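Q: So that we are looking at the same thing, I have put the structure below in structure tokens.
The values are calculated or read from the model by the stated rules, or taken from the named source; none is laboratory data. Computed from a predicted structure; not experimentally measured. When we count neighbours, we look across all protein chains shown, and the Cβ atoms used for this are built from the backbone with ideal geometry, even at glycine. Heavy atoms of the whole protein, side chains included, go into the accessibility calculation; ligands, DNA and RNA do not. Shrake-Rupley method; radii C 1.70, N 1.55, O 1.52, S 1.80 Å.
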Amino acid sequence: MKQEIKKIANILPGYTFRSAVEPDPRGDTWVFQAKDVVQGVPFNTVSSLTQISHTVSGKTGRLEKNDIILVARGMKTGTFRSTTFVADSPHVIASSSVYIIRLARADCIPEYVSLYLNSKAGQNALTGIVSGSFVGVLPKHRLEELEIPLPTREKQKMIIDVHQNIRAQELIVEHQQLLKRDILDALFRTITT
């Protein structure tokens with residue numbers, strides 16, 4: 001069964017800063033920007049974000065645990081990356097370069113929705129609603145009307161489990177490649193000393 005996003009979630013814009021984000025290591029607020037989205041990897045560590053001193057009135061752009069973050073601008077299929085925000089921090093603001101998708105139904109798992117948006121089918125669907133000729137923008141009203149497949153929670157969990165298994169295998173392969181490089185580097189060090 002397919003559902004329009006607006007029937008399962010609220011789409012919120014990120015906060016629009018009046019000027020460039022200025023880092024301040026003494027600040028008590030962190031800014032989540034499009035560059036911080038790692039596709040398919042839930043975001044859980046705010047220490048990697050830009051820290052600022054800035055007071056934001058209201059809840060504009062504030063991230064909550066289990067929000068889905070979607071890059072709002074891009075140049076081609078694959079640039080509209082998505083992740084889930086799983087950190088326990090009340091002081092994180094999303095910038096206007098991303099949308100916040102806040103699920104409103106218990107039968108939807110945030111990580112599943114994010115995985116769908118990152119999939120080839122999801123990226124093609126997002127690319128199909130883009131406006132703009134050079135740098136594409138996802139219009140909020142068209143994003144709200146985007147239909148996504150919504151299977152049962154059990155099937156959503158199964159898809160998440162398969163993805164986590166694939167990701168674990170990819171990490172093992174990356175580790176093996178690093179070990180092979182280290183072995184080769186060690187061999188060259190031994191023959192040159």
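Q: Applying the selection to segment 6-33, what residues are open to solvent by 40 Å² or more (accessible area, probe 1.4 Å), of a type outside the set (A, V, I, L, M, F, W, C) and not in a loop (DSSP other than H, G, I, E, B)?
A: K6, K7, N10, P13, Y15, listed by residue number.
Q: Within segment 34-44, is there a residue that is open to solvent by 50 Å² or more (accessible area, probe 1.4 Å) and over 20 Å from L126 (Cα atoms)?
A: Yes.
Q: Continuing with this model, one more query. Have a look at I109, I8 and point out the one that is without any contact (Cβ under 8 Å) to a residue 60 or more places away in the chain, within 19 Å of P151 (Cα to Cα) and more than 11 Å from the chain's Cα centre (by Cα). Outline the logic, then answer.
A: Values: I8 fails: without any contact (Cβ under 8 Å) to a residue 60 or more places away in the chain.
So the residue among I109, I8 that is without any contact (Cβ under 8 Å) to a residue 60 or more places away in the chain, within 19 Å of P151 (Cα to Cα) and more than 11 Å from the chain's Cα centre (by Cα) is I109.
Q: Can I ask one more? Exactly one of these conditions fails for I68: (1) open to solvent by 80 Å² or more (accessible area, probe 1.4 Å); (2) not in a loop (DSSP other than H, G, I, E, B). Give me its number.
A: Condition (1) is where I68 drops out.
Q: Scan segment 71-106 residue by residue and report those that are in contact (Cβ under 8 Å) with a residue 24 or more places away in the chain and charged (D, E, K, R).
A: R73, K76, R81, R102, R105
Q: Which condition from (1) closer than 24 Å to I166 by Cβ; (2) at pLDDT below 90 is the one that N66 breaks?
A: Checking N66 against (1) closer than 24 Å to I166 by Cβ; (2) at pLDDT below 90, the one that fails is (2).
Q: Among the residues of segment 52-65, what is the count of those that are in contact with an Asp or Glu (Cβ under 9 Å, 6 or more places away or on another chain) and open to solvent by 50 Å² or more (accessible area, probe 1.4 Å)? Step through it out loud before you land on a result.
A: Of segment 52-65, the ones in contact with an Asp or Glu (Cβ under 9 Å, 6 or more places away or on another chain) are 52-54, 65.
Then drop every residue that is not open to solvent by 50 Å² or more (accessible area, probe 1.4 Å), which leaves 53-54, 65.
Qualifying residue count for the region: 3.
Q: Taking segment 16-73 on its own, how many of its residues are under 16 Å from the mean Cα position of the chain (by Cα) and on the phi > 0 side of the Ramachandran plot?
A: 3
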